[in-house]
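The values are calculated or read from the model by the stated rules, or taken from the named source; none is laboratory data. None of the values given here were measured: they were computed from a predicted structure. All Cβ positions, even for glycine, are placed from backbone atoms using ideal geometry, and neighbour counts span all protein chains on display.
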Amino acid sequence: MDHTTKTVLFVTLDGPHRSDSTTTLLRLVEAALAQHHEVRVWACGGATLLTQHTLGVHKPRNFLDLEAEYPSTAAVIESLLTRAGPVLQWYICRHCMEERGATAQMRLVKIQPPFRFFEHVRLADACLVMGPL
Amino acid sequence: MAPYLLIETNTAWDGTGVVDLLKLAAGLADGGQSVDLFLIQNAVLMAYEPLEPWMERLVTHPLVTIWVDDFSLASRALPHPHHPQVVVAGADTLVSLLIRPDCKAIWHSA
């Protein structure tokens with residue numbers, strides 16, 4: 001299999017709690033980074049909710065296990081972005097973000113106008129659109 | 001010839017769209033295309049006997065490779081499928097399949 005450096009674009013439209021797709025996305029991002037690819041994520045639709053700083057560092061307390069702490073999606077993604085540096089870019093569709101009132105985005109993501117999507121697709125060597133359309 | 005990567009996230013019992021994807025895989029392979037069918041999330045359940053009729057056809061097709069996601073199996077406490085034509089793999093394999101030159105990837109979720 002080809003392991004030269006590529007630019008890989010993952011497009012996610014799925015909200016944070018509807019399916020396993022957020023977990024799958026994060027696994028794919030980690031795997032692509034481990035293979036030394038440049039990774040771009042375009043978050044559209046409900047996926048714009050994943051990166052709000054208002055989610056905090058931890059999820060709300062689990063009353064069945066009061067000692068447990070689970071990181072929020074924002075914390076996991078921020079950690080990924082911090083560790084990866086510029087080889088990972090996380091783009092937020094401005095239209096979808098504003099439509100959902102999800103405007104409290106963390107500082108490490110980049111808010112983009114919707115038409116920029118096509119430019120990112122054009123620049124990518126490989127593209128995977130995930131989530132219901 | 002460009003390889004096709006079809007990724008399914010649901011089971012055939014979740015909706016007709018899943019069977020449509022399996023039919024698409026069969027049609028592409030019958031037309032001489034190389035097809036990788038990657039079962040992930042709940043779709044891993046389709047890797048067990050008795051196979052869905054279209055899956056039955058795909059596992060014996062010489063141009064089709066069926067992959068099953070290891071994490072999805074583990075998170076559902078499922079054993080590895082015993083079918084010899086089904087390969088258990090992880091996210092690194094999925095990325096490697098995706099970045100092949102001219103790969104056409106289709107993700108399906110119901």
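Can you report the number of residues in region B:61-82 which are closer than 24 Å to B:Gly32 by Cα and within 13 Å of the chain's Cα centre (by Cα)? Summing the residues that are closer than 24 Å to B:Gly32 by Cα and within 13 Å of the chain's Cα centre (by Cα) in region B:61-82 gives 7.
Screening the candidates B:Arg57, B:Arg100, B:Arg76 for the property of being basic (Lys, Arg) and touching a Pro at 6+ places or on another chain (Cβ under 6 Å) yields one hit, B:Arg100.
Looking only at residues in region A:112-133 that are in a helix (DSSP H, G or I) and of a type in the set (A, V, I, L, M, F, W, C), the one that is surrounded by the most Cβ atoms within 10 Å (Cβ to Cβ) is A:Phe117. Tally up the residues in region B:4-52 that are among the aromatic types (Phe, Trp, Tyr) and assigned to a loop (DSSP other than H, G, I, E, B), please. Result for region B:4-52: 2. The criterion of at least 1 residues that are within 14 Å of chain B (Cβ to nearest Cβ) and closer than 19 Å to B:Leu94 by Cα is met by the following helices (runs of 4 or more DSSP H) wholly inside region A:1-103: A:21-34. Scanning region B:46-77 for residues that are within 14 Å of chain A (Cβ to nearest Cβ) and farther than 25 Å from B:Met1 by Cα gives B:Asp69, B:Asp70, B:Phe71, B:Ser72, B:Leu73, B:Ala74, B:Ser75, B:Arg76.
With respect to the conditions (1) farther than 27 Å from A:Leu26 by Cα; (2) modelled with pLDDT of 95 or more; (3) surrounded by fewer than 21 Cβ atoms within 10 Å (Cβ to Cβ), B:Leu45 lacks only one, and its number is (1).
Search region B:78-96 for residues being within 7 Å of chain A (Cβ to nearest Cβ) and of a type in the set (A, V, I, L, M, F, W, C), and hand back the single one that is surrounded by the most Cβ atoms within 10 Å (Cβ to Cβ). Restricting to residues being within 7 Å of chain A (Cβ to nearest Cβ) and of a type in the set (A, V, I, L, M, F, W, C), the top hit is B:Val95. Scanning region A:10-44 for residues that are among the aliphatic types (A, V, I, L, M) and within 11 Å of the chain's Cα centre (by Cα) returns A:Val11, A:Leu13, A:Leu25, A:Leu26, A:Leu28, A:Val29, A:Val39, A:Val41, A:Ala43. Among the residues of region B:97-106, those identified as crowded, with 18+ Cβ neighbours inside 10 Å and in contact with a helix residue (DSSP H, G or I) (Cβ under 9 Å, 6 or more places away or on another chain) are B:Leu98, B:Ile99, B:Cys103, B:Ala105.
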